[in-house]
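Reading through the structure tokens given below for one structure.
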């Protein structure tokens, strides 16, 4: 009897626990932010439609914000009249002019942003106001970029998301939507070939082809929210963010003052800006691809020095290539040259350093680096030659051994025959 | 007056049974028939073992075991030591030829039925020697401490770990810990240069003593032929006739080793990096390829058992059968079990196919 009562009690307890769980889970669902807007708008066509999938990938939605956060109204109301009532603060379509300030109402509020992402800056709007975009926006230019033009609206994703329009690999394309559109940019009188040029550049190759997110894109040099074209005096400062040593050497060179006097931007004068090609040793000197002859005349002191620097670089590059070829040949013959190959890396380092030192535009300084590299290539070349000599020696040794062994074999054969004939 | 040579000889005769040995050597005969050339394989294996001992001793003078030194010391041997490249390349090539020759010797003995009574112990010692040679190969492979040897040893030591109960202790014993480290290197080095050579020397001594005691085996078919037609029986003296022929074969092997070392010096590879990922398509040495490929092809579950474990157990059974093979055959001299060479043929074919498959498979 007691057992039966125990069983009934146990069942009752289990039922209570289950009921409590159901109630709690129901409350939890109810407690989640309700967004009734999607009930209708997910079924509407563009531009009023926002699919549930698009909305679910929106960073704001993921942080628990509803449509009402920007559009106002009451997203928890099932009745459209109530949800979109002016009394509930419904704003409807946001006026383009109001967008920066609307975004700033949260994104410039440090207290509020801390709840979502304490690491996120809150000076975007301040920066925007200093940008060309922001200044024109302040003057009621309705065409310039506002937040949503770059970041998107309902499909807005975090910049770290590779699908975001402001992910480093997508930024150039995002900027090009306006800046490569000649018709759209006509009123501003600026070029629209920047994106086409950038696509040809070494930076685009690094960023998009090789996926190197540290490579520069539009915002790296121009800034993002405070986007502005760097002035002539600032170009070196922009490039030096990454190309530190080149910039330091340029600062010490005679070109710095001359360029400043002539009103030429530092790095861009030789390397161009958006279409920066992979630099080659041919860029320096007086050859057909040399940029020095843009200012210097063949025979003048500058051109002579440029030619000397070109020769130093090409001499080292050729010595490295010759050493690599020899070591590669020796290695293919089965010779052990790994130490020499390791040493050859020092010569390549010296060439890399020399190509940086070029930016001081002093051949004596460059010679120090190229001489260091040439000293290494002399050693690696000698190691390669020694390996090839050794390889030849082994061949000769093998030949002599085979002859000696053949003689012994013939001798043994004759001896055995003689022995067995007795 | 006696010449100095005679004096030395007389001195030796009084202190060493030189004449007895000479008499024994001259008395010993080697049967001469259409399969006599198979007799050279054992001697050739012995010669290659001698080459290994000699070149191994030379390498010991410069080799330094240790994760920080092993690769560099082999590199030093290959580049700085006079003829170091030759010694190391000959050691590596000779190791491979030795295993090949040991297998060839095994199958020649098997097909000529030389394992029959009273040579069962000769066969058993020979099989144990083959296992030892594989042990030499496995332990020596890690010693240069390059990427290939590192990961091959890693894979190789994981295989016995599949054996139930003793698997994990075996893995820990072979590795000297959980992973392949400098401890594994010094451990395998100890096996390679001390324990295995000591055991191998004893077994080779026993193997040779048994061969000397019982003489060369004559295949059953030839023996039957000689019994019916005794006039056909032919023999040559072991010394000097057979020894000189063997010497010729050794010279050819020496030339081959020299040519391989000079034309295809054994690669040094890249120093092992325990933190790097294993290179794609890593494979063991060719003599483990058939086993490796078989284990790769076995389904994860077979006959309700773990596939890999079943494969390892099967190889264990094959090894045991190989060891005890003479005791499975009949004692009657001319009425041997026909399934034995048949099975050996199938096994040889399987090993060859799987080795080639393992070689070409990616």
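Values in this text are rule-based calculations from the coordinates and carry no lab data. The shown structure was predicted, so the numbers you read here are calculated from the model rather than taken from an experiment. Neighbour counts are summed over all protein chains in view; Cβ atoms, including those assigned to glycine, are modelled from backbone coordinates with ideal geometry.
Note: relative contact order over region B:48-195, using C-alpha pairs below 8 Å and six or more positions apart, is 24 percent. Seen through its C-alpha gyration tensor, with square-root eigenvalues sorted a ≥ b ≥ c, chain A comes out oblate because a/c lies at 1.5 or above while a/b is not bigger than b/c.
Put a dot 7 Å past the Cα of residue B:323, heading toward its Cβ, do the same for residue A:393, and the two dots end up 4.9 nm apart.
Suppose we look only past 19 Å in the calculated P(r) of region B:57-163. What percent of the Cα-Cα pairs does that tail hold? Walk me through the intermediate numbers first.
Numbers: 3252 of 5671 pairs.
More than 19 Å apart: 57 percent of the Cα pairs in region B:57-163.
Kirkwood hydrodynamic radius, region A:301-392, all distinct C-alpha pairs: what's the number in Å?
On the way: mean 1/r = 0.0737 Å⁻¹.
For region A:301-392, inverting the mean 1/r across all distinct Cα pairs yields 13.6 Å.
Using R₀ = 30 Å, calculate the FRET efficiency as 1/(1 + (r/R₀)^6) where r is the Cβ-Cβ separation of residue B:178 and residue B:306; round to 0.05. Can you show the working numbers first?
Working: r = 21 Å, r/R0 = 0.71.
Working from the Cβ atoms, E equals 0.90.
The mean sequence distance of close C-alpha pairs (under 8 Å, at least 6 residues apart), as a share of the length of chain B, puts its relative contact order at 26 percent. Roughly what angle does helix B:120-142 make with the longest principal axis of chain B, taking Cα atoms, 0 to 90 degrees, to the nearest 10? Its long axis makes an angle of about 40 degrees. Only helical runs count toward this figure. For chain A, summing -39,500 (n - 2.57) over DSSP H runs of n ≥ 4 and dividing by all residues gives -18500 deg cm²/dmol at 222 nm. Spatially, region B:280-328 and region B:29-78 are offset by 27 Å when compared through their Cα centroids.
Order of A:304, B:352, A:174 from fewest to most other C-beta atoms within 10 Å? Don't jump to the answer; show the numbers that get you there.
Values: A:304 14, B:352 11, A:174 21.
Listing A:304, B:352, A:174 from fewest to most nearby Cβ atoms yields B:352, A:304, A:174.
To the nearest µm²/s, what D does Stokes-Einstein give for the protein assembly as shown at 20 °C and 1.002 mPa s, using the Kirkwood radius over alpha carbon pairs as Rh? This corresponds to a translational diffusion coefficient of 60 µm²/s. FRET efficiency for residue A:364 and residue A:242, Cβ-Cβ distance as r, R0 = 25 Å, nearest 0.05? Between residue A:364 and residue A:242 the formula returns 0.40.
For chain A, the relative contact order is 8 percent, taking Cα pairs closer than 8 Å that sit 6 or more residues apart in sequence and dividing their mean separation by the residue count. When every Cα-Cα distance of chain B is counted in 20 angstrom steps from zero, the calculated P(r) takes the values 24, 53, 21, 2, 0 percent.
Could you list A:244, A:202 in order of exposure, starting from the residue whose Cβ has the fewest other Cβ atoms within 10 Å?
A:244, A:202
With R₀ set to 41 Å, the beta-carbon distance separating residue B:297 from residue B:275 gives a calculated FRET efficiency near 0.85.
Please state, as a whole number in µm²/s, the translational diffusion coefficient that the Stokes-Einstein equation yields for region A:41-114 at 10 °C and 1.306 mPa s, with Rh defined as the Kirkwood radius across alpha carbon pairs. Could you put the intermediate results ahead of the total?
Working: Rh = 13.5 Å.
In µm²/s, the coefficient is 117.
Rounded to the nearest 500, what is chain B's calculated 222 nm mean residue ellipticity when only DSSP H runs of at least 4 contribute -39500 (n - 2.57) each, over all residues? Helices in chain B give a 222 nm mean residue ellipticity of -21500 deg cm²/dmol. Rounded to the nearest Å, what's the spacing between the alpha carbon centres of region A:121-190 and region A:235-311? Just the number, please. Taking the Cα centre of region A:235-311 as reference, the centre of region A:121-190 is 33 Å away.
Projected label points at residue A:138 and residue B:252, each 7 Å from Cα along the beta carbon direction, are separated by 9.7 nanometres.
Fully extending the segment from residue A:258 to residue A:280 would add 5.6 nm, taking 0.36 nm per residue of separation and subtracting the current Cα-Cα distance.
Residues B:201, A:148, B:45, ranked from the fewest to the most other C-beta atoms within 10 Å, line up as B:201, A:148, B:45.
How big is region B:1-139 by the Kirkwood estimate over distinct Cα pairs, in Å? Present the calculation step by step, with values, prior to reporting the outcome.
Details: mean 1/r = 0.0536 Å⁻¹.
The answer is 18.7 Å.
If the label point is 7 Å along Cα→Cβ of residue B:212, which residues in region B:1-30 have backbone nitrogen under 20 Å from it? Answer for region B:1-30: B:12-30.
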